[in-house]
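Report on one structure; see the data block that follows.
The values are calculated or read from the model by the stated rules, or taken from the named source; none is laboratory data. These numbers come from a predicted model, not from an experiment. Cβ placement follows ideal geometry from the backbone for every residue including glycine, while neighbour counts extend to all protein chains displayed. For the accessible areas, the whole protein counts, side chains as well, though only heavy atoms, and no ligand, DNA or RNA atoms are used. Shrake-Rupley method; radii C 1.70, N 1.55, O 1.52, S 1.80 Å.
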Amino acid sequence: MVQASAPGKCILFGEHAVVYGQPAVAVAIDQRLAVKLEHCNDWRIDGMKFHPQRHPHVKALMDRLWNNGPPLSIKISGDIPPASGLGSSAALSVAAAAALRAGRGRQIKDDDWAEGWTASRPNGVYDGPWKSEIGDEVEHGINAVDVDEASILAHAVEAAAQGGRASPLDSSTCAHGGCIVLSNVVEKDLNWLYSRSLNNVQWQVHSIQLSPVIDDVWLVIGNTGIHAPTSKQVARVAEILDENPTRMREIETIGIISRRGINALKAGEMEAVGRAMSENHLMLRNLGVSCPELENLIVAAAPSSLGVKLTGAGGGGCMIALTRNPKETSEAIELAGGRTMISRLAAPGLALDEFSEPPLWNPFE
Ligand code: MEV
């Protein structure tokens, strides 16, 4: 048996604009999703027969990591509401990629990986936990799992589900946890992780240490309860830009606001972070990705918050409020008809929760 879990995410700045290469920031949240794999006589997901077309993310990962492997029972659990802008599909993809990798193992040859991929080894050198002392062998469990690999596989399957248009923001945040910054350039004062490119857009992916500045601020997440598939929203923005290319200025303005937000985060000025979030929301509203239900919750949360905005693809889903008064803000959102969750900023990333011998599969035998 193997179980891996990954956090959801909230985008503080730059959703939609990041698809076009503009800077953006997301934090991992306390809400998580777990994927548990066990041997089974036939393919099952949450006890029901597995229909690949209903679970495209899981199917795409199985094609890559479990080709001709034995049938599994897949159990998905957690507290990230689906299709609500909180990264449920990225968290699912990251956790499933890690669980499949832990369960099938990774071949090691001459102290190096003979299979799989990681971005952490720009020169092929990495003293990671998988380094084998003995020579050629197969590592299973935690020694086979790599956060970068889970993140790149999750980005690939998210991109396929979003018609080829997806930034690595959700996948990197759900994999690495903490606070992730994407930019078109390598940022001096941030911890650069790797670069990713897709469809002629390149993103430099960084992490930023928030811990000294986030002691007394919370995110209150308000859910409209309206399911809004990311692919539809992303396609809608693409259409708007196709019809009127001058609206790319709005995308660039979101990038400028994100940059201001990044500087405020680096300086630990949470009031300025909140102001930039609210400005970012006005641009998203202008772009046409908000909806009356989101606006309603945003108006309710604003008086007790440092900043308020929709988060994720919009059109429904969730809004977030950055606040020093989580109880007051949460009550205001609930009174306006939203369901709330409270999270700290920058929760831990991917974890292998359980792994029991023997491994689920050894394709190298
Ligand atoms: C969705 O959580 C964020 C979007 O910017 C899409 C993406 O970055 O791929 C809307």
Self-check item: Failed condition for ALA83, given (1) crowded, with 18+ Cβ neighbours inside 10 Å; (2) within 16 Å of the ligand (Cβ to nearest atom)
Solution: (1)
Exercise. Could you figure out which of (1) within 16 Å of the ligand (Cβ to nearest atom); (2) at pLDDT 85 or above; (3) surrounded by fewer than 19 Cβ atoms within 10 Å (Cβ to Cβ); (4) over 30 Å from ARG260 (Cβ atoms) isn't true of VAL157?
Key: (3)
Quiz item: Just one of ALA235, ALA175 is among the small types (Gly, Ala, Ser), in the same structural domain as GLU334 (by TED's automatic domain parsing) and out of contact with any Cys (no Cβ under 9 Å at 6 or more places or on another chain); which is it?
Solution: ALA235
Practice problem: Taking the options ALA301, ALA313, name whichever one is closer than 19 Å to PHE13 by Cβ, under 24 Å from the mean Cα position of the chain (by Cα) and modelled with pLDDT of 95 or more. | Solution: ALA313
Practice problem: Would you check if LYS59 is in a helix (DSSP H, G or I), open to solvent by 10 Å² or more (accessible area, probe 1.4 Å) and either in the same structural domain as ARG275 (by TED's automatic domain parsing) or away from the ligand (no atom under 15 Å from the Cβ) (or both)? | Solution: yes
Exercise. Select from the stretch 225-280 the residues that are of a type outside the set (A, V, I, L, M, F, W, C), modelled with pLDDT of 95 or more and not in a helix (DSSP H, G or I) and list them in ascending order.
Key: GLY225, ASN244
Quiz item: Out of PRO363, PRO359, which single residue is surrounded by 16 or more Cβ atoms within 10 Å (Cβ to Cβ) and part of a loop (DSSP other than H, G, I, E, B)?
Solution: PRO359
Quiz item: With respect to the numbered conditions (1) small (Gly, Ala, Ser); (2) in contact with a strand residue (DSSP E or B) (Cβ under 7 Å, 6 or more places away or on another chain); (3) under 23 Å from GLN31 (Cα atoms), which one is the sole condition not fulfilled by SER231?
Solution: (2)
Quiz item: Name the pairs whose Cβ atoms lie under 7 Å apart, with the first residue in the stretch 185-198 and at pLDDT 90 or above, the second part of a strand (DSSP E or B) and open to solvent by 50 Å² or more (accessible area, probe 1.4 Å), and 6 or more positions between them or separate chains?
Solution: VAL186/TRP192; SER195/GLN202
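Yes/no per residue for (1) surrounded by 15 or more Cβ atoms within 10 Å (Cβ to Cβ); (2) closer than 29 Å to GLU187 by Cβ; (3) among the hydrophobic types (A, V, I, L, M, F, W, C):
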position	(1), (2), (3)
ILE262	yes, yes, yes
SER304	yes, no, no
ARG339	yes, no, no
SER343	yes, yes, no
Quiz item: Say we look at the stretch 164-196 and pick out the residues that are of a type in the set (A, V, I, L, M) and more than 16 Å from the ligand (Cβ to nearest atom); which of these is least open to solvent (accessible area, probe 1.4 Å)?
Solution: LEU190
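Yes/no per residue for (1) touching a residue at least 24 places away in the same chain (Cβ under 8 Å); (2) away from the ligand (no atom under 15 Å from the Cβ); (3) closer than 16 Å to ALA99 by Cα; (4) surrounded by 24 or more Cβ atoms within 10 Å (Cβ to Cβ):
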| site | (1), (2), (3), (4) |
| --- | --- |
| PRO7 | yes, no, yes, yes |
| ILE11 | yes, no, no, yes |
| VAL27 | yes, no, no, yes |
| ILE45 | yes, yes, yes, no |
| HIS51 | no, yes, no, no |
